[in-house]
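The structure appears right after this line, and notes come after that.
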Amino acid sequence: MRKPLLAGNWKMNMTIPQAQDLARAILAGFRGDTGREVLLCPPAVCLSPVHRILGQSGIMLGAQTLHHEASGAYTGEVSLEMLRSAGCTHVIIGHSERRAIFGESDSLVARKMRAVLSGRMVPLLCVGETLAERKAGQAEEVVARQVSAACAGVGTSDALVSVIAYEPVWAIGTGETATPEQADDMHAHIRRVLGGLYGEQVADSVRILYGGSVNEKNVDELMKKPNIDGALVGGASLKAESFARIINYK
Ligand code: PEP
């Protein structure tokens, strides 16, 4: 019922030629399995060039962020229609690096969420607690707050198409992965939060990805868990061989 989604977040890495080479190499390792979805999220300037490489392969293209307004005097920002014209169908929203480094608040994340949904694109909403919050026993409360805040003003049909990525901050880029059990427990908690907001159908239907040091060695174990519907991958998505193994997980 929930089609697995494997997404690569390239962050601020790759020039245009490098990004095209990486996309070509990933494409070569993609078996075209229709039972799972694959998404690449290159830096903004690489979107259109990578889109040309992906063509009709079935691998989808996503942006790493956007500005919630349609157009105007927002120097340096990129709007939803610009992303669509570059070939994007998905947008990552609320990545912990955007929250921590660029000061994105829950309410700004909610505005971006609504902008993506009203433009009929798919938001990939990132949530996750810091190490200090986990140690203080606040992980579930923090994640529930982030999910509820991002869903403010989002109706049931829009919630159904949204994707959530649980990315504990302490596991991002650290090499320290949450155990499959820790991730599955938090995903079950997120389903309970969605159930409270929208009811059981949404709770059972929304795809929840795990992100945080996913690699070719741990992906199979993570993907065995019933509440884990895919992965959002940073570092390992920059290596074609690793990412190809991830998208072809067993
Ligand atoms: C990310 O940035 O979304 C991420 C999960 O990074 P990494 O896989 O490198 O931990």
Between residues in the range 201-214 that are in contact (Cβ under 8 Å) with a residue 24 or more places away in the chain and residues that are surrounded by fewer than 18 Cβ atoms within 10 Å (Cβ to Cβ) and not in a loop (DSSP other than H, G, I, E, B), which pairs lie under 7 Å by C-beta distance while being six or more apart or on different chains? V202/T156; V202/L160; S205/L160; V206/L160
Somewhere in the range 189-198, is a residue within 12 Å of the ligand (Cβ to nearest atom) and either more than 16 Å from the chain's Cα centre (by Cα) or aromatic (F, W, Y) (or both)? no
Looking at (1) out of contact with any helix residue (DSSP H, G or I) (no Cβ under 7 Å at 6 or more places or on another chain); (2) modelled with pLDDT of 95 or more, which one does R191 not meet, given that it meets all the others? (1)
Which ones in the range 214-236 are surrounded by fewer than 21 Cβ atoms within 10 Å (Cβ to Cβ) and within 12 Å of the ligand (Cβ to nearest atom)? N215, E216, N218, G235, A236
Flag for L22 being among the hydrophobic types (A, V, I, L, M, F, W, C), touching a residue at least 24 places away in the same chain (Cβ under 8 Å) and under 28 Å from V206 (Cα atoms): no
Only listed residue being modelled with pLDDT under 95, more than 21 Å from K11 (Cα to Cα) and outside any helix (DSSP H, G or I), chosen from K225, K250: K250
Are there strands (runs of 3 or more DSSP E) fully within the range 1-92 with at least 2 residues that are away from the ligand (no atom under 16 Å from the Cβ) and closer than 25 Å to C126 by Cβ? List them. 60-63
Only residues that are in a helix (DSSP H, G or I), out of contact with any strand residue (DSSP E or B) (no Cβ under 6 Å at 6 or more places or on another chain) and closer than 16 Å to I93 by Cβ: list them for the range 136-160, please. R145, S148, A149, D158, A159
Of all residues in the range 1-55, count the ones that are surrounded by fewer than 15 Cβ atoms within 10 Å (Cβ to Cβ) and either within 13 Å of C88 (Cα to Cα) or in contact with a Phe, Trp or Tyr (Cβ under 7 Å, 6 or more places away or on another chain) (or both). 3
Take the range 151-188 and flag every residue that is in contact with a helix residue (DSSP H, G or I) (Cβ under 8 Å, 6 or more places away or on another chain), away from the ligand (no atom under 16 Å from the Cβ) and among the small types (G, A, S). A152, G153, A159, S162
Hey, among Q146, Q138, which residue is under 17 Å from the mean Cα position of the chain (by Cα) and within 22 Å of D185 (Cβ to Cβ)? Q146
Is at least one residue of the range 228-239 over 18 Å from N13 (Cα atoms), basic (K, R), at pLDDT 95 or above and not in a helix (DSSP H, G or I)? no
Yes/no for S157 being among the small types (G, A, S) and surrounded by 14 or more Cβ atoms within 10 Å (Cβ to Cβ): no
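The values are calculated or read from the model by the stated rules, or taken from the named source; none is laboratory data. Keep in mind the model is a prediction, meaning the values are calculated, not measured. Virtual Cβ from ideal backbone geometry, glycine too; neighbours counted across all protein chains shown.
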